[in-house]
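S.K.: Dropping the structure in here first, questions after.
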Amino acid sequence: MNGYNFAYLDEQTKRMIRRALLKAVAIPGHQIPFGSREMPLPYGWGTGGIQVTAAVLGPQDVLKVIDQGADDTTNAVSIRRFFARTAGIATTTHTSDATIIQTRHRIPEQGLREGQILVYQVPMPEPLAKLEPSRAETTRMHGLAEYGLMHVKLYEDITRYGHVSISYDYPVMVAERYLMSPSPIPAYDNPKLHRNPALQLFGAGREKRLYAIPPYTAVRSLDFDDHPFRTTRAPQHCDLCGDDASYLDEVVTDNQGGRMFVCSDTDHCESRRAKQEQPA
Amino acid sequence: MTDDRMLSASGLNLRFGTVPALVDVAAELWPGEVLAIVGESGSGKTTLLNVLSGHMAPQSGQVLYRAPDGTEADVHAMSAPMLRALHRSDWGFVHQNPRDALRMGVSAGGNVGERLMAQGSRHYGDIREAAIAWLAEVEIDADRVDDLPRTFSGGMLQRLQIARTLVTHPRLVFMDEPTGGLDVSVQARLLDLIRGLVARLGIAVVLVTHDLAVARLLAHRVMVMQRGEVVETGLTDQVLDDPQHPYTQLLVASVLAA
Amino acid sequence: MAYVAVKGGERAIDAAHAWLATERRGDPAVPQIELNQIREQLGRAIDRVMAEGSLYDRDLAALAIKQAQGDLIEAAFLLRAFRTTLPRFASSTPLDTAAMRISRRISAVFKDMPGGQVLGPTYDYTHRLLDFTLAAGIEPSPALREAAETVRAPRIHDILGQEGLIEPDAPSDAEPFDITREPLAFPAARDARLQSLARGDEGFLLAMGYSTQRGWGGTHPFVGEIRMGATAVEITPPELGFPIEIGEITLTECQMVNQFKGSRTVPPQFTRGYGLVFGHADRRAMSMALVDRALRAGELGEEATAPAQIPEFVISHCDNIEATGFVEHLKLPHYVDFQSELETIRRMRRDAANASQDCDVQEAAE
């Protein structure tokens, strides 16, 4: 790509984003406004995650990009190619080999380690947006730690359904101060946010906000003492590798209601199968 | 003599253009006392309520609030977070139109429980029990706890608002025409309820009303306002039975004529 | 059926791009459109793409239109992405539209005024009948234009201002907000709002402006003036210390004159709505001016409840690049979240079925 800087963004812009990221890390879970740039990919398709990755990426980094847990979904392919072209860095599909993982809607099944960075693509950074459309008002609510509106929503769910009905983008309290949207990861992935050894960065390009969870930070999914947070996954096991604990994709196999279930995390599934195929 | 007034305001002035809303107004409130501010529309009574509760700033004068621990604070010098915290705990505000204060898309239980949740209550069962208990206090059937306020009558909505306000045991409640717009029989029942709750819980109330009968029923003291000025103040029965100021006399006479 | 993991995302993308390229080309027997044809003969499309792309470059706009196969929002997106990469070497001094070389200048508030009413190359009075001479490629006769080129005219708002009839435009030396560098927060000041409107989607601005005329936040507008023409762009290089002209751009400016209700300290004055856009674009400039004035409702002490009067609503949704990105992102895979929803709804249905079964059992037992 002629005429473009390493990882596309100019150094001033990267510096601006890194300054915002430092603020984000200093105030876990708090949304920091940043001067989001127009990127060659559309808003809503990962421009926030891409800007965060571009700002922290170095020539020695190894990048993994996943969407829905898979390395080969079209948008993950598109983003990985973007960085390969503009930065020339090494890319990988193996979670354990990556130094930076950019993700949409999943946290890898494999536990992360210190030194890794997980960059989340965030469509709507404001956890209260569905309850209060005015950003001016939600900013005030965060500043005053007034989260009654969200608690009321959970109370109403329990009243109406007997349990909380939120199944993804489940709101969390970070360091017991800020209410945060973890991005549309399934509620099943929420426990992985808590005290994760990796640095977790969140980028929302269109809404122009970023936020962060520093390593080993307490992250609690909202619940009631007598209705504790619980996760949801398809109760089956993976038809390819047999795992009954990983998050599964439901695949429609025929027109008679036939189904099979496979791990959403393709690297996790392939690694398990590779181990299974090795002679004992 | 120690000053244990809960609220004391002095020298309040406020104009909207050329219209005087408050002219050198003073007011005071003791713990557990009900003070009614009466007057016709344009008298400045609602403006005074808004200034006392910190919702509107006066152009001069001050409002001081004494907290339970004895410390005194200037209501209009407080930070916004502090004022909001005050309104969520020690203070309450009952609006004339309950729809302004209730979440119409949230169940009655959710409405009552919200302040508890905002203060950190995290047990669903306990919150619901507290909500049901308070609904009983305001004479709403327990089996309405999961209903949406949309299905409630005007009187029920107002009672729900009161429950929502009192659930955190505030010491001071501001009320803006709490029975306005309700049928006479509904008003009577509501006034009885308010009188009982306020007396039993020892709540201090600043109550704005144009209706002298409401003042007589609920208030220990009354302030009469006309065009931004306090023209008369004193014990309710004394002021209403033996009005001194011509305007007060006019007000009282109009009630009798009706 | 043996399950084959979905692979080949890369191959699919490459194939899609190849097909797109041939679709864009169309019938190879037909000559390719050239950029200078687009630039010269589709000027209004060029103007729109430059305005929404927020970049004044007619050649680049032509390329973007060709690359986007005529999809003007896609073309504007291309310009925006390109704009991001451009270094800035200067900011211009404020443009002096009073000194514009006028091609078109009309006013609805006065029958005549210095500079006169100059129609310019307008569609206003054409009859909307398809013209088949264009299909036949017949060349137009030369137009009489010389006199119009030399018109210079004082702005209507300045004329009204002489009598103090219109609110003054407070000049300021402050640095304007830059929405491309800083994230917008609400309440947003007028400079930030105008910048957003200037690059906003024409259809959205039109609809919002239209809504104010139909009672949703009316501002009682009159067109004080619309002027279109070449305007000089000047910068003051630090080495020189005085302004030099670096070129001209075509602009359309609309000044609306709106009614005000008077004030307690200032005698009643007309208020302003302002629109300024690249190229020849009456519709956009007028819509922008209507919406600008509507968004000032709060600051002017008016009830601000109609959609066009709510800054957070209008400004958050006027950028069609953001809008189309987010709307179209729904096409991306969302099956992981949908899986969670499926499990949730299946469980709720099971619970409901069990609950009614329990009732049946209980009834049967009674």
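The values are calculated or read from the model by the stated rules, or taken from the named source; none is laboratory data. What you see is a predicted model; the values in this text were computed from it and never measured. Backbone-built Cβ (ideal geometry, glycine too); neighbour counts: all protein chains shown. Heads up: the accessible areas ignore ligands, DNA and RNA and are worked out on the full protein's heavy atoms, side chains in. Shrake-Rupley method; radii C 1.70, N 1.55, O 1.52, S 1.80 Å.
S.K.: Being touching a His at 6+ places or on another chain (Cβ under 8 Å) and over 20 Å from residue A:111 (Cα atoms) is the filter here; which residues of segment A:231-278 pass it?
M.R.: Listed by number, the list holds a single entry, A:261.
S.K.: Okay, next question. Filtering segment B:38-67 down to residues that are open to solvent by less than 40 Å² (accessible area, probe 1.4 Å) and small (Gly, Ala, Ser), which residue is nearest to residue B:236 (Cα to Cα)? Before you say what the answer is, go through the steps one by one.
M.R.: So the first thing to find is which residues in segment B:38-67 are open to solvent by less than 40 Å² (accessible area, probe 1.4 Å), and the list is B:38-39, B:43-45, B:47-54, B:58, B:63-65, B:67.
Then keep just the ones that are small (Gly, Ala, Ser); that gives B:39, B:43-44, B:53-54, B:67.
Working: B:39: 14, B:43: 18, B:44: 19, B:53: 22, B:54: 26, B:67: 26 Å.
Looking at the filtered set, the residue picked out is B:39.
S.K.: Is it true that some residue in segment C:21-43 is within 24 Å of residue C:279 (Cα to Cα) and within 14 Å of chain A (Cβ to nearest Cβ)?
M.R.: Looking through segment C:21-43, none of the residues is within 24 Å of residue C:279 (Cα to Cα) and within 14 Å of chain A (Cβ to nearest Cβ).
S.K.: Among the numbered criteria (1) buried (at least 19 other Cβ atoms within 10 Å of the Cβ); (2) within 14 Å of chain C (Cβ to nearest Cβ); (3) among the charged types (D, E, K, R), which single criterion is violated by residue A:156?
M.R.: (2)
S.K.: Continuing with this model, one more query. I'd like to check something: does segment A:48-63 contain any residue that is assigned by TED's automatic domain parsing to the domain that holds residue A:104, of a type in the set (D, E, K, R) and over 20 Å from residue A:97 (Cα atoms)?
M.R.: First, the residues of segment A:48-63 that are assigned by TED's automatic domain parsing to the domain that holds residue A:104: A:48-63.
From the residues that got through so far, the ones that are of a type in the set (D, E, K, R) too are A:61.
Pick out the ones that are also over 20 Å from residue A:97 (Cα atoms) and you get none.
Within segment A:48-63, none of the residues are assigned by TED's automatic domain parsing to the domain that holds residue A:104, of a type in the set (D, E, K, R) and over 20 Å from residue A:97 (Cα atoms).
S.K.: Just to verify a result, which residue in segment B:100-109, among those that are more than 21 Å from residue A:144 (Cα to Cα) and in contact with a helix residue (DSSP H, G or I) (Cβ under 7 Å, 6 or more places away or on another chain), is most open to solvent (accessible area, probe 1.4 Å)? Before the answer, list the steps.
M.R.: Within segment B:100-109, the first condition is being more than 21 Å from residue A:144 (Cα to Cα), and the residues that meet it are B:100, B:104-109.
In the following step, the residues that additionally are in contact with a helix residue (DSSP H, G or I) (Cβ under 7 Å, 6 or more places away or on another chain) were identified as B:104, B:106-109.
Numbers: B:104: 43, B:106: 19, B:107: 2, B:108: 0, B:109: 0 Å².
Step by step, filter segment B:100-109, then rank; the result is B:104.
Residue-wise test of (1) away from chain A (no Cβ under 14 Å); (2) farther than 23 Å from residue C:166 by Cα; (3) open to solvent by less than 10 Å² (accessible area, probe 1.4 Å).
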residue	(1), (2), (3)
C:283	yes, yes, no
C:292	yes, no, yes
C:297	yes, no, yes
C:302	yes, no, no
C:311	no, yes, no
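S.K.: Do any residues in segment C:323-345 that are within 25 Å of residue A:162 (Cα to Cα) have Cβ atoms under 6 Å from those of residues that are open to solvent by 40 Å² or more (accessible area, probe 1.4 Å), where the two are at least six apart or on different chains, and which pairs are they?
M.R.: C:337/A:168; C:340/A:168
S.K.: Take the residues in segment A:24-34 that are within 13 Å of chain C (Cβ to nearest Cβ) and out of contact with any helix residue (DSSP H, G or I) (no Cβ under 6 Å at 6 or more places or on another chain), then tell me which one is least open to solvent (accessible area, probe 1.4 Å).
M.R.: Kept after step one, since they are within 13 Å of chain C (Cβ to nearest Cβ), are these residues of segment A:24-34: A:31-34.
Filter once more, so that each one left must be out of contact with any helix residue (DSSP H, G or I) (no Cβ under 6 Å at 6 or more places or on another chain): A:31, A:33.
Values: A:31: 29, A:33: 70 Å².
My answer is A:31.
S.K.: Right, something else. I want to confirm something. Restricting to segment A:236-257 and keeping residues that are part of a loop (DSSP other than H, G, I, E, B) and at the interface with another protein chain (Cβ under 8 Å from one of its Cβ atoms), which single residue is surrounded by the fewest Cβ atoms within 10 Å (Cβ to Cβ)? I'd like the intermediate steps shown before the answer.
M.R.: First, pick out the residues of segment A:236-257 that are part of a loop (DSSP other than H, G, I, E, B): A:236-247, A:253-257.
From what's left, at the interface with another protein chain (Cβ under 8 Å from one of its Cβ atoms): A:239-240, A:247, A:253-254.
Values: A:239: 15, A:240: 18, A:247: 26, A:253: 14, A:254: 8.
Per the criteria, the residue is A:254.
S.K.: Does at least one position in segment B:78-85 carry a residue that is closer than 26 Å to residue A:176 by Cβ, at the interface with chain A (Cβ under 9 Å from one of its Cβ atoms) and either polar (S, T, N, Q) or exposed (fewer than 14 other Cβ atoms within 10 Å of the Cβ) (or both)? Explain how you work it out, then say what you get.
M.R.: The first filter runs over segment B:78-85 and keeps only residues closer than 26 Å to residue A:176 by Cβ, leaving B:78-85.
From what is left, the residues that are at the interface with chain A (Cβ under 9 Å from one of its Cβ atoms) are B:80-81, B:84-85.
Pick out the ones that are also either polar (S, T, N, Q) or exposed (fewer than 14 other Cβ atoms within 10 Å of the Cβ) (or both) and you get B:80-81.
Yes.
S.K.: Still on this structure: So residue B:121 clears everything in (1) modelled with pLDDT under 95; (2) within 30 Å of residue B:184 (Cβ to Cβ) except one condition, right? Which one?
M.R.: (2)
For (1) modelled with pLDDT under 95; (2) open to solvent by 40 Å² or more (accessible area, probe 1.4 Å); (3) of a type outside the set (Ser, Thr, Tyr), each residue gets a yes or a no:
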position: A:125; (1), (2), (3): no, no, yes
position: A:133; (1), (2), (3): yes, yes, yes
position: A:143; (1), (2), (3): yes, yes, yes
position: A:146; (1), (2), (3): yes, no, yes
position: A:167; (1), (2), (3): yes, no, no
position: A:170; (1), (2), (3): no, no, no
position: A:175; (1), (2), (3): no, yes, yes
position: A:182; (1), (2), (3): no, no, yes
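S.K.: Now for a separate question. Search segment A:218-235 for residues being buried (at least 19 other Cβ atoms within 10 Å of the Cβ) and within 16 Å of residue B:124 (Cβ to Cβ), and hand back the single one that is nearest to the other protein chains (Cβ to nearest Cβ).
M.R.: Going through the qualifying residues, I end up with A:224.
S.K.: Continuing with this model, one more query. Does residue C:260 qualify as being more than 30 Å from residue C:61 (Cβ to Cβ), of a type outside the set (Lys, Arg) and within 14 Å of chain A (Cβ to nearest Cβ)? Please lay out each step first, then the result.
M.R.: Details: more than 30 Å from residue C:61 (Cβ to Cβ): yes; of a type outside the set (Lys, Arg): yes; within 14 Å of chain A (Cβ to nearest Cβ): no.
So residue C:260 does not fit the description; no.
S.K.: Another one. Out of all the residues in segment C:73-98, which are more than 13 Å from residue C:233 (Cα to Cα) and of a type in the set (Ser, Thr, Tyr)?
M.R.: Answer for segment C:73-98, where residues must be more than 13 Å from residue C:233 (Cα to Cα) and of a type in the set (Ser, Thr, Tyr): C:84, C:85.
S.K.: Identify, please: which residue in segment B:169-189 is over 15 Å from the mean Cα position of the chain (by Cα) and among the β-branched types (Val, Ile, Thr) and is, among those, surrounded by the fewest Cβ atoms within 10 Å (Cβ to Cβ)? Explain how you work it out, then say what you get.
M.R.: The first filter runs over segment B:169-189 and keeps only residues over 15 Å from the mean Cα position of the chain (by Cα), leaving B:181-189.
After this cut, where a residue has to be among the β-branched types (Val, Ile, Thr) as well, the list is B:184, B:186.
Values: B:184: 8, B:186: 17.
Applying the filter and picking the extreme gives B:184.
S.K.: Here's a follow-up. Just to be sure, is residue A:91 surrounded by fewer than 22 Cβ atoms within 10 Å (Cβ to Cβ) and out of contact with any Phe, Trp or Tyr (no Cβ under 8 Å at 6 or more places or on another chain)?
M.R.: Numbers: surrounded by fewer than 22 Cβ atoms within 10 Å (Cβ to Cβ): yes; out of contact with any Phe, Trp or Tyr (no Cβ under 8 Å at 6 or more places or on another chain): no.
No.
S.K.: For segment A:61-154, which fully contained strands (runs of 3 or more DSSP E) count at least 3 residues that are in contact (Cβ under 8 Å) with a residue 60 or more places away in the chain? Even if it seems obvious, please write down each step before you answer.
M.R.: Details: elements: A:62-67, A:100-104, A:117-121.
Once the strands (runs of 3 or more DSSP E) in segment A:61-154 are filtered for at least 3 residues that are in contact (Cβ under 8 Å) with a residue 60 or more places away in the chain, what remains is A:117-121.
S.K.: I need the full set of residues from segment A:175-217 which are under 15 Å from the mean Cα position of the chain (by Cα), within 19 Å of residue A:147 (Cβ to Cβ) and more than 9 Å from every other protein chain (Cβ to nearest Cβ), in order please.
M.R.: The answer is A:180, A:181, A:182, A:183, A:190, A:193, A:194, A:202, A:211, A:213.
S.K.: Another one. Considering only residues that are farther than 12 Å from residue A:250 by Cα and facing chain A (nearest Cβ under 9 Å), which ones fall in segment C:329-340? Steps first, please.
M.R.: Our first condition is that a residue be farther than 12 Å from residue A:250 by Cα; within segment C:329-340, this holds for C:329-334.
Matches in segment C:329-340: C:329, C:330, C:332, C:333, C:334.
S.K.: Go through the residues of segment A:158-169 one by one and say whether even a single one is within 24 Å of the chain's Cα centre (by Cα), farther than 21 Å from residue B:107 by Cα and either assigned to a helix (DSSP H, G or I) or not small (Gly, Ala, Ser) (or both). Explain how you work it out, then say what you get.
M.R.: Taking segment A:158-169 as the starting set, the residues that turn out to be within 24 Å of the chain's Cα centre (by Cα) are A:164-169.
Those still in the list that are farther than 21 Å from residue B:107 by Cα too: A:167-169.
Filter once more, keeping what is either assigned to a helix (DSSP H, G or I) or not small (Gly, Ala, Ser) (or both): A:168-169.
Yes: segment A:158-169 contains one or more residues that are within 24 Å of the chain's Cα centre (by Cα), farther than 21 Å from residue B:107 by Cα and either assigned to a helix (DSSP H, G or I) or not small (Gly, Ala, Ser) (or both).
S.K.: I would also like to ask the following. I need the full set of residues from segment A:4-21 which are open to solvent by 40 Å² or more (accessible area, probe 1.4 Å), more than 9 Å from chain C (Cβ to nearest Cβ) and at pLDDT below 95, in order please.
M.R.: Of everything in segment A:4-21, those that are open to solvent by 40 Å² or more (accessible area, probe 1.4 Å), more than 9 Å from chain C (Cβ to nearest Cβ) and at pLDDT below 95 turn out to be A:6, A:11, A:12.
S.K.: Output yes when any residue across segment C:59-77 is part of a loop (DSSP other than H, G, I, E, B), surrounded by fewer than 13 Cβ atoms within 10 Å (Cβ to Cβ) and either under 22 Å from the mean Cα position of the chain (by Cα) or not hydroxyl-bearing (Ser, Thr, Tyr) (or both), and no when none is.
M.R.: Looking only at segment C:59-77, we keep the residues that are part of a loop (DSSP other than H, G, I, E, B), and these are C:68-71.
Those left that are additionally surrounded by fewer than 13 Cβ atoms within 10 Å (Cβ to Cβ): none.
Checking segment C:59-77: not a single residue is part of a loop (DSSP other than H, G, I, E, B), surrounded by fewer than 13 Cβ atoms within 10 Å (Cβ to Cβ) and either under 22 Å from the mean Cα position of the chain (by Cα) or not hydroxyl-bearing (Ser, Thr, Tyr) (or both).
S.K.: Restricting attention to segment C:150-187, which residues are under 27 Å from the mean Cα position of the chain (by Cα) and hydroxyl-bearing (Ser, Thr, Tyr)? Even if it seems obvious, please write down each step before you answer.
M.R.: Kept after step one, since they are under 27 Å from the mean Cα position of the chain (by Cα), are these residues of segment C:150-187: C:153-158, C:166-187.
Result: C:172, C:180.
S.K.: Do we have any residue at all in segment B:115-129 that's away from every other protein chain (no Cβ under 14 Å) and surrounded by fewer than 23 Cβ atoms within 10 Å (Cβ to Cβ)? Steps first, please.
M.R.: Within segment B:115-129, the first condition is being away from every other protein chain (no Cβ under 14 Å), and the residues that meet it are none.
No, segment B:115-129 contains no residue that is away from every other protein chain (no Cβ under 14 Å) and surrounded by fewer than 23 Cβ atoms within 10 Å (Cβ to Cβ).
S.K.: Further, regarding this structure: Just to be sure I understand, how many residues within segment C:68-89 are more than 9 Å from chain A (Cβ to nearest Cβ), in contact with a helix residue (DSSP H, G or I) (Cβ under 6 Å, 6 or more places away or on another chain) and not aliphatic (A, V, I, L, M)?
M.R.: 1
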